[in-house]
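The structure appears below as structure tokens.
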Amino acid sequence: MARIAKARAMRKAMSPPEARLWLALRRLRAQGFHFRRQHPFHGYYLDFACLSRGLVVEVDGGSHEGRGDWDAARDAALARSGLKTLRIPASEVRDRLPEVMDFILRELTAAAPTRPLRGHPPRGGEGD
């Protein structure tokens, strides 16, 4: 339960670029793309995750300086779980949000949908 409490606290303490991007990502729900924010996943907290497309968006601000090796290891661990990480500098979110959203939308539409987290897998042998 501590993971959930930490995620909730992180949602309340988002940086201004994270909050700005969150408002923009929420608008993509109308196109069928559902994002979660500060989503706990295998010991990590993902800034924004669209699990149906296997896409993670991380906003890299000043706290990421000097953490390149840690971020690379984290991205590799997420990739092994089938998640692609997009790292967006906080300055880009602040100064060029329309271009950032175009980039994210291109990545979302290019990604193949994953199997739903709920429900049964399709039965084999049916169809053509």
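Go through region 56-87 and count every residue that is more than 10 Å from the chain's Cα centre (by Cα) and at pLDDT 95 or above.
Total satisfying the criteria: 0.
Has region 54-63 got any residue that is free of Cβ contacts under 8 Å to residues at least 60 places away in the same chain, assigned to a helix (DSSP H, G or I), over 24 Å from THR114 (Cα atoms) and in contact with an Asp or Glu (Cβ under 9 Å, 6 or more places away or on another chain)?
No, region 54-63 contains no residue that is free of Cβ contacts under 8 Å to residues at least 60 places away in the same chain, assigned to a helix (DSSP H, G or I), over 24 Å from THR114 (Cα atoms) and in contact with an Asp or Glu (Cβ under 9 Å, 6 or more places away or on another chain).
Test each condition in (1) of a type outside the set (A, V, I, L, M, F, W, C); (2) part of a strand (DSSP E or B); (3) at pLDDT 90 or above for GLU18 and report the one that comes out false.
Here GLU18 meets the rest and fails (2).
I'd like the residue in region 32-50 that is free of Cβ contacts under 8 Å to residues at least 24 places away in the same chain and farther than 16 Å from SER81 by Cβ and, out of all such residues, is surrounded by the most Cβ atoms within 10 Å (Cβ to Cβ).
Among residues in region 32-50 that are free of Cβ contacts under 8 Å to residues at least 24 places away in the same chain and farther than 16 Å from SER81 by Cβ, the one surrounded by the most Cβ atoms within 10 Å (Cβ to Cβ) is PHE35.
If you take the residues in region 73-90 that are part of a helix (DSSP H, G or I) and free of Cβ contacts under 8 Å to residues at least 40 places away in the same chain, which one is surrounded by the most Cβ atoms within 10 Å (Cβ to Cβ)?
This residue is LEU78.
If you check ARG53, ARG29, which single one turns out to be under 18 Å from ARG87 (Cβ atoms) and modelled with pLDDT of 90 or more?
Testing whether each residue is under 18 Å from ARG87 (Cβ atoms) and modelled with pLDDT of 90 or more leaves just ARG53.
The values are calculated or read from the model by the stated rules, or taken from the named source; none is laboratory data. What you see is a predicted model; the values in this text were computed from it and never measured. So basically every Cβ, Gly included, is an ideal-geometry build from the backbone, and we count neighbours across all protein chains shown.
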